[in-house]
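Take a look at the structure set out below.
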Amino acid sequence: MTRRRAVVAGAGIGGLAAAVALHRRGWDVTVCERAAGPSAVGAGIVLAPNALRAFDAMGFDAARATGPTSPAAMDLRRPGGRLLSRADGVALAARYGRPPLAVHRTALAAALADALPEGALQYGTEVAAVDGADGRPVVHTSAGTLTAEVVIAADGIHSPIRRQYFPAHPGLHYSGETAWRTVLRAGGPPVRAAAETWGRGERVGVVPLADGRVYLYATAVVPEGYRPAGVRAELLRRYGTWHDPIPALLERIDPAAVLQHDLYDLAAPLPRFHQGRLAWLGDAAHAMTPNLGQGGCQAVEDAAVLAHLLDGADVPAALAAYSAARCARTDALRIRSRRAGRVAALTNPLAVAARDLALRATPARVARRALDDLFAFDGFGQTA
Ligand SMILES: Cc1cc2nc3c(=O)[nH]c(=O)nc-3n(C[C@H](O)[C@H](O)[C@H](O)COP(=O)(O)OP(=O)(O)OC[C@H]3O[C@@H](n4cnc5c(N)ncnc54)[C@H](O)[C@@H]3O)c2cc1C
């Protein structure tokens, strides 16, 4: 029997996960990535239990990218160090089967790429357009044209393929915040627990990775496009008096290894995630702000659901079912993430005090229950 052919545009977490999931189900997969090679500057990413379950469904062990880890707590603190709430890793593992997993993005991408056959991932190959989605799709790339039974647009938040097919869509909405991210080398003072610290319109996150490195991120309410002249000085000015170990970690920053991205989500949902034999997934389909830590996780869910629905099925019908399965869930999370961001980014001192009081007063079991919608999802079909 001839193998069915899929072309994936974009080798981010969503595109690579989709490629692995389809490959495991017998598809012949080509991934076209416009970057010349894997990204050298990285950041961390936290994979929530729903994403880990989706990886399980495609037969991929995400822990391969990290080595052994143990469940850790995630604290929420005020800049002075006072605890606002704690998500206990052991309790999360008991409730959802496993605790969240913090990984270096580069290591995760490498592990996913390793799960693909040689030659499947083509760097330096930009997808310019996809024609004929309703018949036999043709993918026009900088390296020539490709045909396929199904094309997956995993080309990220600015998705050129989304703009090609939804020219009237209003595009992106600026959240009002920018984010800096970096990964510090192992060797500094040990960081045992993950923590996020909320100030007034400013946040810092500290997440230990399994190999001793530390993923550090910070956000601030700033005008769109704000770029400080010296990033290290800017971060020390904003967060240098916050509780330990934040000042010491900021001192260790290599400015060349800091990523800065303004935070956007889709201004409005897409009407559907497919057109004929073309499907969108990940940020291309439903870009959301990172406040729930679910953008990448939803991309992995998309990939697992899509591969499951495509298994042996008529492609246009499978993609219609994929849209039906994914649009409402991902849009609800996009909206919830936007709302969570508004609360986290409050600047008014009275509003911040009321927020912090409410956080301290919320029982841990109530806070955990609010995570059920995110973490308990299990609609991926059988393990490949
Ligand atoms: C500060 C911050 C923190 C975050 N933290 C988390 C977290 O902890 N957990 C989580 O789940 N999510 C998190 N997210 C969200 C997560 O990063 C994204 O949702 C996720 O990376 C989306 O993956 P993707 O594959 O859809 O898109 P991307 O990762 O953006 O990948 C798209 C790929 O397509 C390529 N591409 C674009 N155009 C073309 C083209 N024309 N031809 C070929 N290739 C193309 C790009 O080069 C890129 O490699 C965070 C986001 C931010 C900004």
Scan segment 332-363 residue by residue and report those that are touching a strand residue (DSSP E or B) at 6+ places or on another chain (Cβ under 7 Å), part of a helix (DSSP H, G or I) and farther than 24 Å from D265 by Cβ.
D356, R360
Positions within segment 147-171 being away from the ligand (no atom under 12 Å from the Cβ) and of a type outside the set (F, W, Y), in sequence order:
T147, A148, E149, V150, P167, A168, H169, P170, G171
Please pick out the residue among F375, F380 that is surrounded by 15 or more Cβ atoms within 10 Å (Cβ to Cβ), within 19 Å of the chain's Cα centre (by Cα) and over 19 Å from N291 (Cβ atoms).
F380
Which ones in segment 73-113 are surrounded by fewer than 17 Cβ atoms within 10 Å (Cβ to Cβ) and within 20 Å of the chain's Cα centre (by Cα)?
A110
Among the candidates V151, V191, which residue alone is buried (at least 19 other Cβ atoms within 10 Å of the Cβ), outside any strand (DSSP E or B) and in contact with a Pro (Cβ under 7 Å, 6 or more places away or on another chain)?
V191
Residue in segment 26-51 that is nearest to A153 (Cα to Cα), counting only those that are part of a helix (DSSP H, G or I) and within 11 Å of the ligand (Cβ to nearest atom):
A51
Kindly indicate the residue of segment 242-273 that is part of a loop (DSSP other than H, G, I, E, B) and among the aliphatic types (A, V, I, L, M) and also nearest to the ligand (Cβ to nearest atom) among those meeting that condition.
V258
Looking at segment 1-25, which of the residues that are more than 9 Å from the ligand (Cβ to nearest atom), of a type outside the set (A, V, I, L, M) and part of a loop (DSSP other than H, G, I, E, B) is nearest to the chain's Cα centre (by Cα)?
R25
Condition (residue is among the hydrophobic types (A, V, I, L, M, F, W, C) and within 10 Å of the ligand (Cβ to nearest atom)) applied to segment 112-122: is it met by at least one residue?
no
Name the residues in segment 274-289 that are aromatic (F, W, Y) and near the ligand (Cβ under 7 Å from one of its atoms), would you?
none
Just for segment 194-240: of the residues that are part of a loop (DSSP other than H, G, I, E, B) and of a type in the set (D, E, K, R), which one is nearest to D356 (Cα to Cα)?
R200
When segment 97-128 is checked residue by residue, the ones that are free of Cβ contacts under 8 Å to residues at least 60 places away in the same chain and on the phi > 0 side of the Ramachandran plot are G97, G119
Residue within segment 168-186 that is farther than 30 Å from E33 by Cα and surrounded by fewer than 18 Cβ atoms within 10 Å (Cβ to Cβ) present:
yes
Under the condition of being more than 16 Å from the ligand (Cβ to nearest atom) and not in a helix (DSSP H, G or I), which residue from segment 290-326 is nearest to R105 (Cα to Cα)?
D311
In segment 319-333, anything over 18 Å from D155 (Cβ atoms) and in contact (Cβ under 8 Å) with a residue 60 or more places away in the chain is listed as D331
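All of the numbers you see were taken from the coordinates with simple rules; none came from a lab. Quick caveat: nothing in here was measured; it's all calculated off a predicted structure. Every residue, glycine as well, gets a Cβ built from its backbone with ideal geometry; the counts of neighbours run over all protein chains shown.
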